[in-house]
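Read the structure below first, then the notes.
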Amino acid sequence: MRIRGARVLGLLLLLSSLTGCEDRDGTVVPAADGDVAVPSYEAPPQAPDFCVPLAGSRHVSTIPTAVGTLMLEPADEHARRELAGAVTELEAVLAYVWREPGSRDLRPGMQELIAALYSATVNPVDDQLATRIGERLDAVAEQVQPMCEFPL
Amino acid sequence: MRTAAFVVAVGLALSLQPATASATPLPEVCAAGRIPVAATFPLEACVEGDAVRVRNSSDVVVVVAGSGDLGAPALVGADDGPLATVTRLAVGGEGVLLPGDVVRWPLGQGTAEISVVEGAPATAAIAAELEAVLPDHPEPDALRRHASLIGDLLAGIEARRSCLRGQNFLGRAACDVGTAAAIGRAVTEGLPDGVAPDVGVRMLDPDRWTRWSGLSSPQVRGSLQMPAVAPPVQAATVETPPEQGGVDPAPDPSVTQAQPVPAPPAAPVPAPVPAPAQVPPRADGPSAGPAQAEDGRDTDGGKGNGKGKGKGKGNGNGKKK
């Protein structure tokens, strides 16, 4: 019983770490349903599997503020955690992309976006890196749109 | 004592947000002996013999431009505090009127036109947001840097607005990264190190960008046309100007008109302004009303140096396609 309870607790902690955000004190703050990138997204019938988890992202929309904050406050841990959360989410999406042969062309763009975001979590964020992140986001946005048909 | 009849005709005056504009005459502008212009002009205005006064009676910052036979405009008793100064510098030009500001134009004898060409509520909102970091007694250079920063922020927000069109959430995030980077650059370059991070982080809010972007549209527009001064001793008749653009030019029973007057030169304004109503015919006889007999325009008023002006907005911070 004790072991099962510990497993459940561990699972809950894992889930909260994936879906929630930490505040500046390091406390995990569960994200509200409305925080997902595309609430009530319905993928088109032929859409690849990665569309749904991508639409459920909770950190993509925080990337701009985090990038700007790190340009001004390089030591801002909250902003770095936001970007790290985006990296984690997009890596999970990339795992779907790898499993789908029809989405092969998307792999390099997703990998470059993840690499740029990861770089911002470990390096100073300057104009060049911010521009790179923006360009990679834009490239992925264009590539996935015909497949996922996200609302515009 | 001026004996020439004076004709004031209000051109097409449109207010996209009528609640923000008031044409109610206020004592300090429309004192006794002055002719208040018709209420369809979006700001309060009066003719006082040899000059016209316009008061920004709206609650937003506006830019007014004069053209035709007008002298140099002068602000009358305007607020010259740091926030007001920065706001004027950020909007740019002589015709910037903060809420409550009064500007006085000397009138010549020829036709003249005063237009409210632009609202600048976003500039004012950003200036107010940055007021907390303005020094109490800033040097002129500091005020100029502050104004320049506001211009950069506005450019970034304008670029974002066009960038967002037709984008999915990833594309919108890309646009916002560009805006955030532009703001980061502008704040770092425009403010001292000690205050830059605090100010910058306060500015990094996409919801706020959206709100400011929505404020960017001009909210108060209109024009006021003043035909040439009539000769002093001749008969006059009243003729209502033809209706145009669906807006009545508020015929004034005291207005005397007889012959058409050529349209005044168009003011070189930066944004489309609703076309004013046709200039009413020139009064070529003695006044039919007592106000005109006493308040005709001065024959030695300012000469034709009306200035059209506007604000070009560079916005090279958008997402590259």
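The values are calculated or read from the model by the stated rules, or taken from the named source; none is laboratory data. Since the model is a prediction, treat every value here as computed from it, not as a measurement. Cβ: placed from backbone, ideal geometry, glycine included. Neighbour counts: every protein chain shown. Quick note on the areas: whole protein, heavy atoms, side chains included, nothing else; ligands and nucleic acids left out. Shrake-Rupley method; radii C 1.70, N 1.55, O 1.52, S 1.80 Å.
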| said: Here are the criteria: (1) part of a helix (DSSP H, G or I); (2) open to solvent by 20 Å² or more (accessible area, probe 1.4 Å). Tell me which single one B:Pro138 does not satisfy. | reply: (1)
| query | Where in region A:44-152 are there helices (runs of 4 or more DSSP H), lying wholly inside it, with at least 3 residues that are open to solvent by 40 Å² or more (accessible area, probe 1.4 Å) and facing chain B (nearest Cβ under 10 Å)? | reply | A:127-148
| note | Within region B:153-180, residues within 7 Å of another protein chain (Cβ to nearest Cβ), open to solvent by 10 Å² or more (accessible area, probe 1.4 Å) and either assigned to a helix (DSSP H, G or I) or charged (D, E, K, R) (or both) come out as B:Phe169, B:Asp176, B:Gly178
| task | Of all residues in region B:181-215, count the ones that are open to solvent by less than 20 Å² (accessible area, probe 1.4 Å) and more than 7 Å from chain A (Cβ to nearest Cβ). | result | 9
| Where a residue in region B:43-54 is closer than 15 Å to B:Gly222 by Cα and its partner, wherever it lies, is in a strand (DSSP E or B) and small (Gly, Ala, Ser), with Cβ under 8 Å and at least six apart | B:Leu43/B:Gly222; B:Val54/B:Ala45
| query | Is one or more of the residues making up region A:27-37 at pLDDT below 95, within 14 Å of chain B (Cβ to nearest Cβ) and either within 18 Å of A:Gln143 (Cα to Cα) or buried (at least 18 other Cβ atoms within 10 Å of the Cβ) (or both)? | reply | yes
| request: Quick one: which residue in B:Thr111, B:Thr123 is open to solvent by less than 50 Å² (accessible area, probe 1.4 Å), in contact with a Pro (Cβ under 6 Å, 6 or more places away or on another chain) and modelled with pLDDT under 90? | output: B:Thr111
